[in-house]
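Notes follow once the structure below has been shown.
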Amino acid sequence: MRRRRQSSASSIFISPKRFAFVASAVALLFCAVACRLYFLHVVRGPESAETTEKARSRFDVIKARRGDITDSRGNIMATSRPVIDLGVDQIDFKPTPENLEKLKTVASLLSMPHEELAEKCSPKNSEPLRWEKLADSLPEPVYERIASLKIKGIYGNRKYVRAYPQGRLASHAVGFVNREFSPVMGIEKQFDFYMRGQDGWIETERDGRRRERPEFRERKVKPADGLNVQLTIDSAIQEMAQRQLAKIAREYNPDFASIIVSDPSTGYILAMASSPDFDPNDFNKFGQDALRNRAISDQYEPGSTFKIVPVSAALNEGAVGPEDKFDCNAQTAMYKGKALRLPKEAHPMGTLTVRDIVRKSSNKGSAQLGMIIGEKTLYDYASAFGYGKKTDIGLTGEIAGTLHKVSEWDGLTITRLPMGHAVAATPLQVHCAMGVIANQGIYMQPQLVRRVYDSDGETKILYPPRGVRRVVSAKIAALMGEMLSEVVSDDGTARRAQLKGFKVAGKTGTSQKIINGAYSTRRHVASFTGFFPAQRPRLLITVVVDSPRMNGVGYGGVVAAPAFRELAEQAAKYLGIQTDEEFEKKVAWKGL
């Protein structure tokens, strides 16, 4: 009996070996915990704290509103419209009978089956989602109706979409941003720094159950909306120009055509249109051909529109006078002791004065004027008129054109350059060159932007008119304007550009296209550039038509001049430009 009790008592206590094992296990466990805590709090302390903070904090970006683009009269060309992305927090949303009933209204507003919406609001086999998108880019009024239902867990995030209310109007100048709001071309790209603004943000802290912690207040930085850009373009004149391009496309089916309208005294571009064009609202539906701004990215030999350069240079240098005569039937002319072959004429010209050379657009006469002033002077004036260099209008894709250095000329360049061959230019370069004559001999910087301003209308950056350089004297510019007005007469090459009530000064151009390294006899570029009223210029208009398809040669006087006349008539009426007779009567009355 005694022995049995001793055995029972000893079983109550753990043997020394077992005790040592258990004690060691417990000690190891505590060591492991201690090591883990040391690792988490010391070795990975900063990283662990950051992970915890991220799990507890919510950081949301508040998008800044991209600034608007307007025309010169304040009409919206590009704007940012607020829309809402609608989503559901599947943890916060409770499928109560009341909420399910409200979902019917939401489904109706979203044009979505009720069952599909209810399924999106409920967790699937996986963990509940904090954000399940229900609809993309909802208009604000629709979202406000949904928000008024006060369904916990259904909320929206504001964002902006870019819209172009005028569609194709001035699309090459305005440009566009892509779906990611990255600027691609035009003013959208060039002035992105000013228009994009600065995003804001909001940060809140939540507990382990994702409830907002009342002891912490949200931290918020408001977004700074972008600035607005006002263009020099007038939507009404731009629309007139694009209607003319559409008419040209119907009648002649050209490869491309461009029209530029500006105020020659300021350099402000009132219209810049190219065909084909595109709608920036659906830019992805158009190919690269439609996206090209032909007015600044395509070059062609300007032909006779270039003749204002050698004539102005010869007059400005005092090498000739307007009544000096030249044999324009001659086959050759002497230059530096050599007889150089003169270019051909469309028909015999005979002896012509400098004034007649301009009026009849004589190739031989222009070549002889170029030879009189010489290679360097001719090159210098061509460069001063803007050939061979970018206009720096501020649009991506602009090219410099081609004006070879004198060292690169061959033996006939001195006779071919004066007639607009061996040189290539963009429509805008040709336009700006004629602007020198229209603006008293001063080359004006062409400009598309008038100012950058904030939401209160306060101007932040102003772009005033800027004269770049004097090319010829005001006296010679006036003389050239007078001679160019004879081009637009019954005896000139641009009689179809005549405008009722106004004297017009201008120059036609018809150049052969170079196909496979040779001048084509069937493909031409027809152009006209001119201004009116000739003695007090208000508008400068350039029309360029590449490869008009018609019977015979597509002369500038036949294809481009009529488009100039129709556009000039409409613009003069729209702007209320006084006719020459009205102006003279007003001046005479003031002089009494």
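Throughout, read-outs are computed from the coordinates displayed, never taken from laboratory work. It should be emphasised that the depicted structure is a prediction, and the values quoted were computed from it without experimental measurement. All Cβ positions, even for glycine, are placed from backbone atoms using ideal geometry, and neighbour counts span all protein chains on display.
Both radii are taken from the alpha-carbon atoms of the range 515-569; with Rh as the Kirkwood radius, Rg/Rh is 1.10. Helix 580-591 and the longest principal axis of the C-alpha atoms of the chain enclose an angle of approximately 80°.
Candidate cross-link partners of residue 376 among the aspartates and glutamates, defined by an alpha-carbon separation under 14 Å and a same-chain spacing of 8 or more, comprise 317, 408, 410. Estimated from helices alone, the mean residue ellipticity of the chain at 222 nm is -10500 deg cm²/dmol (sum of -39500 (n - 2.57) over DSSP H runs with n ≥ 4, per residue).
With 29 Å as the limit, the listed pairs 189/390; 104/124; 475/513; 152/285; 247/500; 247/285 have 475/513; 152/285 beyond it between alpha carbons. Taking a straight Cα-Cα cut-off under 17 Å and skipping sequence neighbours fewer than 8 places away in the same chain, the lysines within cross-link reach of residue 222 are 63, 159. Counted residue by residue at 0.36 nm each, then reduced by the alpha carbon distance between them, the extension gain from residue 475 to residue 535 reaches 20.4 nm. Each residue, residue 585 and residue 319, gets one label point 7 Å from its Cα in the Cβ direction; the gap between the two is 4.6 nm. Can you tell me the FRET efficiency between residue 147 and residue 81 if r is taken as the Cβ-Cβ distance and R0 is 25 Å, rounded to the nearest 0.05? In this case the efficiency is close to 0.85.
Normalised Debye scattering of the range 83-163 at q = 0.27 Å⁻¹ gives log10 I(q)/I(0) of -1.48, counting only Cα atoms as equal scatterers and leaving out solvent.
Where q = 0.12, 0.14, 0.17, 0.22 Å⁻¹, what log10 of I(q)/I(0) comes from the Debye formula for the range 397-537, counting one point per Cα? Taking Cα atoms of the range 397-537 as identical point scatterers yields -0.67, -0.86, -1.12, -1.38. Model label points for residue 94 and residue 550, set 7 angstrom from Cα along the Cα-to-Cβ axis, are 7.9 nm apart.
Counting only alpha carbon atoms, the long axis of helix 427-438 and the longest principal axis of the chain meet at about 50°. Figure legend: label point modelled 7 angstrom from the Cα of residue 341 along Cα→Cβ; residues of the range 407-447 with amide N under 19 Å from it are 409-423.
Treating each Cα of the range 316-394 as an identical point scatterer and summing with the Debye formula, the log10 of I(q)/I(0) at q = 0.21, 0.22 Å⁻¹ comes to -1.00, -1.06. Between residue 193 and residue 282, full extension at 0.36 nm per residue minus the direct alpha carbon distance yields a gain of 29.7 nm.
Once the Cα atoms are used to define both axes, helix 235-252 deviates from the longest principal axis of the chain by about 70 degrees.
Scaled to the compact-protein estimate 2.2 N^0.38 Å, what is the alpha-carbon radius of gyration of the range 250-591, rounded to two decimal places?
0.99
Cα centroids of the range 358-382 and the range 121-194: 58 Å apart. Packing-based ranking of 424-437, 519-532, 66-79 yields 424-437, 519-532, 66-79, ordered from highest to lowest mean Cβ neighbour count within 10 Å. Both the radius of gyration and Dmax for the range 267-333 are 20.8, 58 Å, in that order, over alpha-carbon atoms. Three semi-axes describe the equivalent ellipsoid of the chain; taken as square roots of 5 times the Cα gyration tensor eigenvalues and ordered largest first, they are 76, 29, 22 Å. Each label was represented as a point 7 Å from its Cα along the Cα-to-Cβ direction; for residue 222 and residue 500 these points are 5.7 nm apart.
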